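First the structure, which I've put down as C-alpha cells, then a few questions once you've had a look.
Nothing in this text is a laboratory measurement; each read-out follows from the coordinates by a stated rule. On a predicted model such as this, the values are computed, not experimentally measured, just so you know. Please note: Cβ atoms are built from the backbone with ideal geometry, for glycine as well, and neighbour counts cover all protein chains shown.
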Amino acid sequence: MKENIFFYKDPFTLECGDVLPGIKITYHRSEGSPEGRKVVWICHALTANSNPQDWWPALVGPGKYFDPGKQYLVCANVLGSCYGSTGPDAAGFPLITIRDMVKAHELLREHLGIQTIDILIGGSSGGFQALEWSIIRPNLIKNLCLIACNARVSPWATALNEAQRMALRADPSYGQQHHPDGGKRGLAAARAMALLSYRSYEGYGKTQAELSADALLASRACSYQQHQGEKLTRRFCPYSYYSLTLSLDSHNVGRGRGSVEAALSGIRARTLCIGIDSDLLFPFAEIKYMARHIPGAVVDIISSDFGHDGFLLEYEQIISSLCRFLNSEAPR
C-alpha cells in the first residue's frame with residue numbers, strides 16, 4: 001500500500017463549532033483504480049497509523065486476507081493524530097469528535113471516487129468510526145465489521161481516559177512550549193494505565209509472572225509497564241494522545257438522533273459484531289447490545305487471554321469469523 005496526502009483547502013467546521021482553515025489527511029491505499037475490485041476500508045484505532053500492514057500484519061498484506069493487490073484497500077489517518085493528518089503540536093487544540101473523523105473520511109472517499117464500500121471494518125475506536133459512518137451513510141456500505149467496540153462510550157472507559165489525561169496534565173513539561181520533554185513522562189504513565197484495560201488478569205499472569213519463585217520483590221510486570229510507556233513516547237505525541245482520548249469520550253451514536261437504539265436501527269449494511277471474552281474495556285454485553293439493535297446483525301465472540309488487545313492479536317479467529325459471515329451472504 002502506498003502513502004498519499006489529501007489536502008482539503010476549504011474551511012472544515014468541527015462538531016464543537018470551531019473551524020479549521022483546512023485539513024490534511026494522510027492515507028494509504030492500494031495501487032491502481034478501485035474499478036472492478038472490492039473496496040475494503042479499514043479504520044484504525046487510537047495510536048495506530050494509516051498503514052494497516054504495520055499494525056495488522058497478519059490480516060493485511062500481499063497474500064493475506066486483505067490483499068492490496070486483489071482488493072482496493074484504504075486506511076486514513078484520523079484527525080488529531082500525529083501520523084500526518086491535521087492534529088495538535090501543543091495544548092489547546094480544538095475538540096475532534098468521532099463524527100469529525102468520519103466527515104474527513106467522507107471527503108477522502110469522494111476525492112478517491114469510491115461509490116460503494118464493500119467491507120468497512122474497524123476495531124476499538126476504529127469500530128467507533130465504522131459504526132458512525134454506517135449511520136451517516138447507510139446506503140454506502142455493503143458489509144460492516146465491528147470488533148471490540150460499543151455504540152456509546154461507557155462511564156468506565158471515560159474514567160480510564162480521564163485518568164490518563166490527569167497523568168499528562170500532572171507532567172510539569174506538558175503544555176510548556178519548546179520543552180524538550182513535552183509531556184512525555186505523562187504520556188508514559190498514561191500508556192501504562194491504558195494497558196491495564198487493554199490486557200487481562202490471565203494475560204499478565206501468562207506473560208509477566210516472576211521467573212523465580214524466590215524473588216524478594218515482584219518486578220517483571222513493573223518493567224513491562226515502564227517499557228511499554230517509554231516505547232509509546234518514542235513514536236507518539238502527548239498532545240495527540242490527549243486529543244484522541246477526548247475524541248473517544250465524544251462517542252455516542254445516539255446524540256441528536258433520538259436514542260442509541262434509534263441510530264442503530266437505521267443501519268442498512270450487513271453487520272458482524274465481534275466481541276472478545278476477556279475484554280475489560282468493551283465487555284461482550286456491549287457487543288450483544290449493538291447486534292440486538294442493528295437490523296439482521298450477526299454476533300460472534302472470540303476467545304483470548306489478552307483482553308481488548310485480542311482485536312490485534314487473535315487474527316486467526318477474526319479471519320474465521322469474517323469468512324463465516326461473508327460466505328453466508330445471499331447472492332445479490
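Starting from the amide H of Leu280, placed 1.01 Å from N in the peptide plane, find each other amide H under 5 Å away whose residue is 5 or more places distant or on another chain.
It is His308, by chain and number.
What ranking do 208-219, 102-113, 76-87 get when scored by the average of other Cβ atoms within 10 Å per residue, highest first?
76-87, 102-113, 208-219
In percent, what relative contact order does the range 150-200 have, based on Cα pairs under 8 Å that are 6 or more apart in sequence?
It rounds to 34 percent for the range 150-200.
Non-local amide H neighbours of Leu73 (under 5 Å, H modeled in plane, Pro and chain starts lacking H): which ones?
Result for Leu73 returns Ser30, Val40.
Residue-wise, which Karplus ³J(HN,Hα) couplings in Hz belong to the range 17-29, taking 6.51 cos²θ - 1.76 cosθ + 1.60, θ = phi - 60°, and x for glycine or proline?
Here the 3J(HN,Hα) series is x, 5, 10, 8, x, x, 9, 10, 10, 8, 8, 10, 8 Hz.
If only Cα atoms are counted, what is the Rg of the chain, and what is its Dmax, in Å?
So, for the chain, Rg and Dmax equal 19.7, 65 Å respectively.
Kindly write out, for the range 84-92 in residue order, the coupling ³J(HN,Hα) from the Karplus curve 6.51 cos²θ - 1.76 cosθ + 1.60 (θ = phi - 60°), rounded to whole Hz, with x marking Gly and Pro.
Listing the rounded values in order: x, 7, 4, x, x, 10, 7, 5, x Hz.
Roughly what would the spin-label model give for Thr207 and Ser320, points 7 Å off Cα along C-beta, in nm?
Here the modelled spin labels are 2.1 nm apart.
What is the set of long-range amide H partners of Thr271 at a cut-off below 5 Å, with H atoms built 1.01 Å from backbone N?
Residues meeting the amide H criterion: Leu144, Val298.
Then there is this: Considering the chain, which cysteines have no disulfide-compatible partner, defined as another cysteine with its Cβ under 4.7 Å away?
Cys with no partner Cβ under 4.7 Å: Cys16, Cys43, Cys75, Cys145, Cys149, Cys222, Cys273, Cys323.
On to the next question. Along the range 49-63, what does the Karplus equation 6.51 cos²θ - 1.76 cosθ + 1.60 (θ = phi - 60°) give for ³J(HN,Hα), rounded to whole Hz, x for Gly and Pro?
Computed from phi, the couplings for the range 49-63 are 10, 8, 10, x, 5, 6, 10, 10, x, 7, 10, 10, x, x, x Hz.
Can you give me the orientation-averaged projected area of the convex hull built on the Cα atoms of the range 39-113, in nm²?
That works out to 5.5 nm².
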